[in-house]
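Here is the structure we will look at.
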Amino acid sequence: MLKRTLVFAMVIGALIWMPALADAANKYKKEYKMSVVVGPKLPWGQGATKFADLVRERTDGRINIKVYTSSSLMAGKQTNEFLIHRNGVAEFCLASTINWSTSIKELNLFNLPFLFPDYKALDAVTQGEIGEEIGGLLKKKGVTLLGWGENGFRALTNSKGPVAKPEDLDGMKIRVVGTPIFIEIMTALGANPANMNWGDAQIAFQSGNVDGQENPVVGIEIPVKIWQFHKYATIWRYVIDPLMFTVNSKVMAGFSEEDQKIIRQAAVEAGEWQRALARKGLIAPDLSALDTLRENGMEVVVLDQEARKAFREKTASVYKKWVPTVGAELVEKAEKAIAASQK
């Protein structure tokens, strides 16, 4: 009797639930746009595709997310992404904290020079209280944070010589992303920063007008075969580039509670999968990503924590200058979380 009652309750529940989902789905768009600034074959782009596929499968096609790669929704200008997302041009994003840091100053936390010594430190920040606080900041601006991905620690490469100490950078012309703190960091280290898009940078590398660049090893440098331009690489973990799975808050509110849960869980799972992809070959004992650089003729310098101190001291003025912009309380919380992760 009890078994029959349970079955009957389940059937009734399904009959109530399914029409509700169908009604919700009728109000959904046929397609939701997801913005990504890189190409589909990079770990970043693959993470976005993974998320879109999970959502489509688990909602039985009710929510169809199409990934628009290579900054195609923002006419190639990466720093415009937050604006188009908040305005609903792109309903979803897998976005870099770097690109949004010009609009949301607190995201410069991840750009503070030599703050994060390793992946444990990053996870302590993004996966804990500070990550939730950043989610709250985004919420106030009309965007819902769903989960974290990763582009990676940014490594330095150049055509001039090995960089093992700050003095080795003196006079080098280094291509950087177009956010002010990156320019200030390179200037403090004695380099000449040059902001340009990647297409122009490759031409400048070939002509010798620009000596080097900084990007994640697995996320960018190996896929673009950076050894075509540069012989020297330095693994110095000077800044980290987390990625954020996000949705426009008004769009999120239009989904049923059940579908909202599916979207959130898909972002968490896609983020875990994508972070593992971005870190592959970069965590001992598997350092195969660095072996790939060496196998293609590059000389790789890996700085230990002691060697990083000289670089951090050289950029201390930049760090100090940017603390008020990020927020002194937020920086202090991050510093404490990072210190705890190292014990």
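Taking the Cα centre as origin and putting +1 on Lys and Arg beta-carbons and -1 on Asp and Glu beta-carbons, what dipole magnitude results for the range 59-116, to the nearest 20 debye? Write down the numbers at each step before the final one.
Working: 5 positive and 4 negative charges, 21 e Å.
That gives the range 59-116 a dipole magnitude of about 100 debye.
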Relative contact order (percent, whole number), the chain, Cα cutoff 8 Å, 6+ residue spacing: 24 percent
What does the extension gain come out to for Glu295 and Asp118, with contour length at 0.36 nm per residue minus their alpha carbon separation? 61.3 nm
At R0 = 41 Å the Cβ-Cβ FRET efficiency linking Asn192 and Gln127, nearest 0.05, sits at 0.65
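In debye to the nearest 20, how big a dipole does the range 196-271 give about its Cα centre with +1 on each Lys and Arg Cβ and -1 on each Asp and Glu Cβ?
Dipole size: approximately 120 debye.
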Place a +1 charge on the Cβ of each Lys and Arg in the chain and a -1 charge on the Cβ of each Asp and Glu, then give the dipole magnitude about the Cα centre in debye, rounded to the nearest 20. 700 debye
Output wanted: per-residue J couplings in Hz (rounded whole) for the range 161-171, from phi through Karplus 6.51 cos²θ - 1.76 cosθ + 1.60, θ = phi - 60°, x for Gly and Pro. x, x, 10, 10, 8, x, 4, 5, 8, 3, x
Collect residues whose amide H, placed 1.01 Å from N in the peptide plane, falls under 5 Å from the amide H of Val301; neighbours closer than 5 in sequence don't count. Ala233, Thr234, Ile235
Whole-Å distance, taken between Cα centres, linking the range 106-182 and the range 186-217: 18 Å
Calculated FRET efficiency for the pair Lys280/Glu31, C-beta based, R₀ 45 Å, to 0.05: 0.90
In the chain, what % of DSSP beta bridges are antiparallel (nearest 5)? 60 percent
Hey, for a label at Glu167 modelled as a point 7 Å past Cα toward Cβ, could you say which residues of the range 286-312 have their backbone N under 14 Å away? 310-311
Per the helix-only calculation at 222 nm, which mean residue ellipticity applies to the chain, given -39500 (n - 2.57) for every DSSP H run of n ≥ 4 and division by its residues, nearest 500 deg cm²/dmol? -14500 deg cm²/dmol
Of the residues Pro117, Ile104, Gly161, the Cα lying farthest along the dipole of the chain towards its positive end, which is defined by charges on the beta carbon of Lys, Arg, Asp and Glu, belongs to Ile104
Taking +1 at the Cβ of each Lys and Arg and -1 at the Cβ of each Asp and Glu, which of Phe205, Thr179, Ser72 sits farthest along the dipole of the chain towards its positive end, judged by Cα position relative to the Cα centre? Ser72
Would you work out which of Tyr232, Val323, Thr144 lies farthest towards the positive end of the dipole of the range 28-341? Charges go on Cβ: Lys and Arg +1, Asp and Glu -1. Thr144
Any idea what % of Cα-Cα pairs in the chain are farther than 39 Å? 19 percent
Report, in order of residue number, the helices in the chain meeting two criteria: a C-alpha extent of 30 Å or more along the helix axis, and a mean Kyte-Doolittle hydropathy of at least -1.0; treat each whole DSSP H run as one helix. 2-26, 257-279
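Could you calculate the FRET efficiency of Glu332 with Ile104 from 1/(1 + (r/R0)^6), where r is the beta carbon distance between them and R0 is 25 Å, rounded to 0.05?
Details: r = 19 Å, r/R0 = 0.75.
So, using R0 = 25 Å, E works out to roughly 0.85.
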Full-stretch length increase - Lys139, Ala310 - with 0.36 nm per residue and alpha-carbon distance subtracted: 57.8 nm
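No lab work stands behind these numbers, since they all come straight from the coordinates. Keep in mind that what you see is a predicted model, and the values were worked out from it rather than measured. Counting neighbours? That spans all protein chains shown, and the Cβs are built from the backbone with ideal geometry, glycine included.
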